[in-house]
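A.B. asks: Mind having a look at this structure? Questions to follow.
Every read-out reported here was derived from the displayed coordinates using simple, explicitly stated rules and does not represent laboratory data. Bear in mind the structure is a predicted one, so any value in this text is a computation, not a measurement. When we count neighbours, we look across all protein chains shown, and the Cβ atoms used for this are built from the backbone with ideal geometry, even at glycine.
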Amino acid sequence: MAALIVGFFLTALLYASVGFGGGSTYTALLALSEVDYRILPLLSLACNIVVVAGSSVRFARARVTPWRGALLLTATAAPAAFLGGLTPIGESAFLTILGGSLVLTAITLILPTGDGPVSGPTRFARAMPFLAVPLGYLAGLVGIGGGIFLAPFLHLTKWNSARAIAATASLFILVNSLFGIAGQLLKGGAGRLGAAVELGLPLLIAVAVGGQIGSFLALKYLPQRWIRLGTAALTGWVGVRLLLNF
């Protein structure tokens, strides 16, 4: 358990520093630790909520959240996240999808973020609500927030400024995680909830502390590019290891 707590702490620290929750990596770390795969999404989504709730509030207070666009994307994805949480899935399919999503996550983290001036959204930006549906479903199914996939597409289509996209991704992760947990609870019942609570409390504390430290370091000391590359390395390594072990 000590190694798992350290892994969750480091994951939260790295992901929070780039505006994400870390749900996919939490799930993979639990899978590699041979925790029952049926309770993994509950734990990972709960950790997501702990990490991104504070970020969402900070963005809102700073008035950088583009509420109209962010709420449209989130409202489109949330019902799909609920359905994903309700969907039964076998262990082999679960681990394959999870490993693949981690490798894709690592790739998205090294893509350019488009931090320069926004010249205006491209015509492809209008398709973002349609893209939000499968991302929401994936979020609920395997216990991720989906924002780490959404953000690169928002940058590539020049949907908004970099800070506005980070704020949107945080809100997207938060709401999808809440709806995904609701679906998971309806599917698994009180028995899985009890098991998740018993295992999850020290992990939730670890991500709460790691997330706060990550946000502080990102704001005060560490260049965003270094943090993103470090996060990509961790995520890619865990994803490849999960696929090779499968």
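A.B. asks: Which residue fluctuates the most in the chain, going by a Gaussian network model with Cα springs under 10 Å, if the choices are S55, S33, S101?
C.D. replies: Evaluated over the chain, the most mobile residue of the options is S33.
A.B. asks: Could you list the trypsin sites (Lys or Arg not before Pro) in the range 48-102 that lie in coil according to DSSP, counting only those with at most 12 other Cβ atoms within 10 Å of their Cβ?
C.D. replies: R63
A.B. asks: So if we plug the beta-carbon distance of V103 and W67 into 1/(1 + (r/R0)^6) with R0 = 35 Å, what FRET efficiency do we get, rounded to 0.05?
C.D. replies: Efficiency at R0 = 35 Å is approximately 0.60.
A.B. asks: Put +1 on the Cβ of each Lys and Arg and -1 on the Cβ of each Asp and Glu in the chain; which of L185, G23, P88 then has its Cα farthest toward the positive end of the dipole?
C.D. replies: G23
A.B. asks: Within a 10 angstrom radius of the beta carbon, how do L178, L234 rank from fewest other beta carbons to most?
C.D. replies: L178, L234
A.B. asks: Pick from G136, G22, G230: which is most flexible by mean-square fluctuation in a GNM of the chain where alpha carbon atoms under 10 Å apart are linked?
C.D. replies: The residue with the greatest mean-square fluctuation here is G230.
A.B. asks: Same structure again: Given a Förster distance of 41 Å, report the FRET efficiency between A127 and I205 from their Cβ-Cβ distance, rounded to the nearest 0.05. List each step's numbers first, then the result.
C.D. replies: Details: r = 40 Å, r/R0 = 0.97.
The pair A127/I205 has a calculated efficiency of 0.55.
A.B. asks: Can you sort F153, F216 so the residue with the fewest Cβ neighbours within 10 Å comes first? The partial results should precede the final answer.
C.D. replies: Working: F153 19, F216 14.
Result, fewest neighbours first: F216, F153.
A.B. asks: Quick one: Debye curve from the C-alpha atoms of the chain, no solvent, what's log10 I(q)/I(0) at q = 0.10, 0.12, 0.17 Å⁻¹?
C.D. replies: Treating every Cα as an identical point scatterer, log10 I(q)/I(0) equals -0.41, -0.60, -1.25.
A.B. asks: Where is the GNM fluctuation largest for the chain (alpha-carbon springs, 10 angstrom cutoff): Y137, Y37, Y15?
C.D. replies: Its mean-square fluctuation being the largest, the pick is Y37.
A.B. asks: Quick one: grab the alpha carbon gyration tensor of the range 1-101, order the square roots of its eigenvalues as a ≥ b ≥ c, and give me rounded if a/c is under 1.5, else prolate or oblate depending on whether a/b is larger than b/c.
C.D. replies: Details: a/c = 2.74, a/b = 1.35, b/c = 2.03.
Oblate is the answer for the range 1-101, as a/c is 1.5 or above yet b/c matches or exceeds a/b.
A.B. asks: For the chain, what does -39500 (n - 2.57) per DSSP helix run (n ≥ 4), summed and divided by total residues, give at 222 nm, in deg cm²/dmol to the nearest 500?
C.D. replies: One gets -27500 deg cm²/dmol as the mean residue ellipticity at 222 nm.
A.B. asks: To the nearest 10 degrees, how steeply does helix 128-142 sit against the main Cα axis of the chain, on a 0 to 90 scale?
C.D. replies: With both axes taken from Cα atoms, the answer is about 20 degrees.
A.B. asks: Sticking with this structure for a sec: Please list, in order along the range 80-89, the HN-Hα scalar couplings obtained from phi with the Karplus expression 6.51 cos²θ - 1.76 cosθ + 1.60 (θ = phi - 60°), rounded to whole Hz, x for Gly and Pro.
C.D. replies: Calculated HN-Hα couplings, in order: 5, 5, 5, 5, x, x, 7, 6, x, 8 Hz.
A.B. asks: Ok, one more. Return W226, W159, W237 ranked ascending by Cβ neighbour count within 10 Å, so the fewest neighbours appear first.
C.D. replies: So the residues, fewest neighbours to most, are W226, W237, W159.
A.B. asks: Another question, then. Report, to the nearest 10°, how far helix 2-17 tilts away from the longest principal axis of the Cα atoms in the chain, using its own Cα long axis and a range of 0 to 90°.
C.D. replies: 10 degrees
A.B. asks: For the range 60-68, just list the computed ³J(HN,Hα) in residue order, Karplus coefficients 6.51, -1.76 and 1.60, θ = phi - 60°, integers in Hz, with x standing in for Gly and Pro.
C.D. replies: After applying 6.51 cos²θ - 1.76 cosθ + 1.60, I find 5, 5, 7, 6, 10, 6, x, 4, 4 Hz.
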